Amino acid sequence: MAYFSITGVPLEVITRLDSLWDKTIEVAETTLDIGKIVLLKLIQFIKANPHAGIGLLIGLALGMLINAVPYVGPIIAPVAAVALTVVSTLSGHRLDTALRGDYTGDGLIEDLITITKQFWTLIWDIMNSIIVEPERR
């Protein structure tokens, strides 16, 4: 949890992440530190794609602000939140790709495909760590 305190994450968020860090599950008489596995993989993903993570947070925040608008906010917020989150995450991903010096592609659909592949690779890494970790003990 020292990583989060160094990066300036608020104490409330660190407390929530600490409770996730301590989560364990028992499978076939083996205790797995599932919270540690998930958080470590998420940290790796955010370190590899920092601007996409910021774009995701911006999109979610804008969706929450739209939801706060009286009368029409709750009606348009679900669609607007998803659209803003996708667009801002893809913009952050495009920036991450350009800063790495990789080919950025011609449009948002290509970026959507590459960020989706990275996301499913993250999910696969988490699942693979859960399956493989007991065999290493």
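Is at least one residue of segment 98-117 in contact (Cβ under 8 Å) with a residue 60 or more places away in the chain and either assigned to a helix (DSSP H, G or I) or surrounded by 15 or more Cβ atoms within 10 Å (Cβ to Cβ) (or both)?
yes
Working carefully through the options L32, L90, L42, L20, find the one that is under 29 Å from S129 (Cα atoms) and touching a Pro at 6+ places or on another chain (Cβ under 8 Å).
Answer to the check: L32.
So K23 passes all but one of these: (1) among the charged types (D, E, K, R); (2) in contact (Cβ under 8 Å) with a residue 24 or more places away in the chain; (3) not in a helix (DSSP H, G or I). Which condition number does it fail?
Failing condition for K23: (2).
May I ask you to list pairs of residues, at least six apart or on different chains, whose Cβ atoms are under 9 Å apart, with the first in segment 38-51 being on the phi < 0 side of the Ramachandran plot and outside any helix (DSSP H, G or I) and the second being surrounded by fewer than 18 Cβ atoms within 10 Å (Cβ to Cβ) and of a type outside the set (D, E, K, R)?
Between residues of segment 38-51 that are on the phi < 0 side of the Ramachandran plot and outside any helix (DSSP H, G or I) and residues that are surrounded by fewer than 18 Cβ atoms within 10 Å (Cβ to Cβ) and of a type outside the set (D, E, K, R), the close pairs are N49/Q118.
Checking T85 against (1) in a helix (DSSP H, G or I); (2) more than 23 Å from R16 (Cβ to Cβ); (3) hydroxyl-bearing (S, T, Y), which test does it fail?
So T85 meets the others, but not (2).
Which of the numbered conditions does T85 fail, given that it passes all the others? Conditions: (1) touching a residue at least 24 places away in the same chain (Cβ under 8 Å); (2) under 27 Å from S129 (Cα atoms); (3) among the polar types (S, T, N, Q).
For T85, the exception is condition (2).
What residue, among those in segment 76-126 that are of a type in the set (G, A, S) and under 19 Å from G53 (Cβ atoms), is farthest from the chain's Cα centre (by Cα)?
A98
For segment 102-119, which positions are of a type in the set (D, E, K, R) and over 16 Å from T85 (Cβ atoms)?
D102, D106, E110, K117
Does segment 18-41 contain any residue that is within 25 Å of M127 (Cβ to Cβ), surrounded by 13 or more Cβ atoms within 10 Å (Cβ to Cβ) and among the hydroxyl-bearing types (S, T, Y)?
No: zero hits.
Is segment 57-65 home to any residue that is touching a residue at least 24 places away in the same chain (Cβ under 8 Å), in contact with a Lys or Arg (Cβ under 7 Å, 6 or more places away or on another chain) and within 28 Å of S19 (Cα to Cα)?
Step one: filter segment 57-65 for residues touching a residue at least 24 places away in the same chain (Cβ under 8 Å), giving 58-60, 62.
From what is left, the residues that are in contact with a Lys or Arg (Cβ under 7 Å, 6 or more places away or on another chain) are none.
No; the residues of segment 57-65 include none that is touching a residue at least 24 places away in the same chain (Cβ under 8 Å), in contact with a Lys or Arg (Cβ under 7 Å, 6 or more places away or on another chain) and within 28 Å of S19 (Cα to Cα).
Taken together, the values in this text are just the output of simple stated rules run on the coordinates, not laboratory data. From a predicted model like this one, the values you see are computed outputs, not experimental measurements. FYI the Cβ positions are ideal-geometry reconstructions off the backbone, even for glycines, and counts take in every protein chain you see.
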